[in-house]
Amino acid sequence: MNVAEFRSNLRAWLDENDLTPPPGDHSLDAHHAQHSRVLRALYDAGWMRWGWPESAGGLGGPMILRAIVGEEVVGRGLDEPGPYSMLEVLTPTMIDYASPELAAEMVPRLLSGSETWCQGFSEPGSGSDLASLTTRAEQRGDSWVVNGQKVWTSFAQYATRCVLLTRTGGPDTPNHAAITAFFVDIDTPGVTVRPLRTMHGVDEFCEVYFDDVVVPADRMLGNPGDGWQLAMDLLPYERSTCFWQRIAYLYSRFDALVGEVRQLGQAADSHLGDAYLALHTLRCRSRATQHRLADGQKLGPDTSIDKVLLASAEQQLYDTARDLMPGVIELDDTAWRTEFLYSRAATIYGGTAEVQRNIIARRLLDLGKE
Ligand SMILES: Cc1cc2nc3c(=O)[nH]c(=O)nc-3n(C[C@H](O)[C@H](O)[C@H](O)COP(=O)(O)OP(=O)(O)OC[C@H]3O[C@@H](n4cnc5c(N)ncnc54)[C@H](O)[C@@H]3O)c2cc1C
């Protein structure tokens, strides 16, 4: 099956199998239930398995098939871009770093929506400077005992498991060799999850506390000291491949904005054109990234360009909504307000705009440290 045929078959299947979210409930609980429902249906019909290796429950085929599924599902509003993006962030890591047995057992659970997982990297004092993290894991016999705190852990209240970064090296171990990753069950005694309310009124992320949490040694991802490399391999996915479906969503919001501006009787002005151009530039860049990955290339610091373009295009779209629909964001309790507020996070999550620009300057343009 070629890519165009795949897409048209998927579209026909989605037309026949109505997965539209039930109307009226915009809570996070409803989004989570819808995420599980959509993934279950797509997995059972095989769509969710294309583009993933057979060793981890996939059906093989080029990775570009995953991008097409995400684009159709999120672009049609069947799932939210945030929860859906966790698939592209965490699954490649599990395939690359978990033991083959663990990946074969666990990955199908994520792809089929029977479980969701979270990413426990950031800590109160360690965000951009991730290498300074202090959550500790100490070996005791066949197990490791984890103590510490994570923060901004998206959807941890729904997660069954967590890809967790810990410090295992001693005081003399250089930072980047001292970090080890584990795949931790959230229901292990000693794990406490406390949701945090964001300014857009949703408990999207959480504090997660670890008090003497015992993790079996076979839940280590890679070897002791591989955690930094795992993070460096994961972040390019977080800064690129998971954007394709988010872009599809932003296009659908752009179309909605054009419709609402017309209804208000406003002339379409150059701001709409500028917002479209930013979105289109982002989509062109992201398309090239999806193809590079499908061709077997490894992603790296170049994905910081995707991240900067995404954050700028997303914020520009919602700034345009604010400017062209006076008062709607400030006075009306609509999705535009929630999304405008959430768009401010685009220059923070997955690496802040300033840090991405530093990476572009230093590692891609070789401009030196200052
Ligand atoms: C919506 C959302 C979801 C998130 N989900 C997760 C998640 O699931 N899991 C997870 O682990 N984390 C998550 N995060 C956390 C995110 O990764 C961090 O917020 C991000 O890495 C920045 O870290 P920080 O918040 O500690 O800010 P800091 O690193 O303290 O930065 C504060 C400010 O200083 C600037 N700054 C810092 N260092 C430099 C530098 N060297 N040069 C120039 N400027 C600098 C930053 O750009 C920023 O403006 C999420 C964040 C958001 C907003």
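Placing unit charges on the Cβ atoms of the charged side chains and taking the dipole of segment 119-228 about its Cα centre, the candidate lying farthest along the positive direction among 202, 146, 122 is 202. The protection proxy used here, the mean number of other Cβ atoms lying within 10 Å of each residue, ranks peptides 23-35, 164-176, 42-54 as follows, highest first: 42-54, 164-176, 23-35. Net charge of the neighbourhood of residue 210, taken over other residues with C-beta under 14 Å away and scored Lys/Arg +1, Asp/Glu -1, is -1. Each of the peptides 129-142, 231-244 was scored by the mean count of other Cβ atoms within 10 Å over its residues; in descending order, highest first, they stand as 231-244, 129-142.
The residue list 87, 69, 173 was ranked by how far each Cα lies along the charge dipole of the chain toward its positive end, using unit charges on Cβ atoms, and 173 comes out on top.
Heavy atoms of the protein chains alone define the surface here; on that basis the chain has 45 Å² accessible area per residue at 1.4 Å probe size. For segment 3-115, with all protein chains in place and a probe radius of 1.4 Å, 54% of the accessible heavy-atom surface sits on carbon or sulfur.
Compared with the dominant principal axis of the Cα atoms in the chain, helix 227-238 is inclined by about 10°. The trypsin sites (Lys or Arg not before Pro) of segment 248-310 that DSSP puts in a loop, and whose beta carbon has at most 11 other beta carbons within 10 Å, are 298.
Within the straight-line cut-off of under 21 Å between alpha carbons, the lysines reachable from residue 298 are 307, sequence neighbours fewer than 8 places apart in one chain being disregarded. To the nearest Å, what is the center-to-center distance of segment 152-208 and segment 35-52, using C-alpha atoms only? Spelled out, the Cα-based centre of one part sits 26 Å from the other.
The values are calculated or read from the model by the stated rules, or taken from the named source; none is laboratory data. All values reported here derive from a predicted model rather than from experimental measurement. Here the Cβ is made from the backbone with ideal geometry for all residues, glycine too, and neighbour counts use every protein chain on show. For the accessible areas, the whole protein counts, side chains as well, though only heavy atoms, and no ligand, DNA or RNA atoms are used. Shrake-Rupley method; radii C 1.70, N 1.55, O 1.52, S 1.80 Å.
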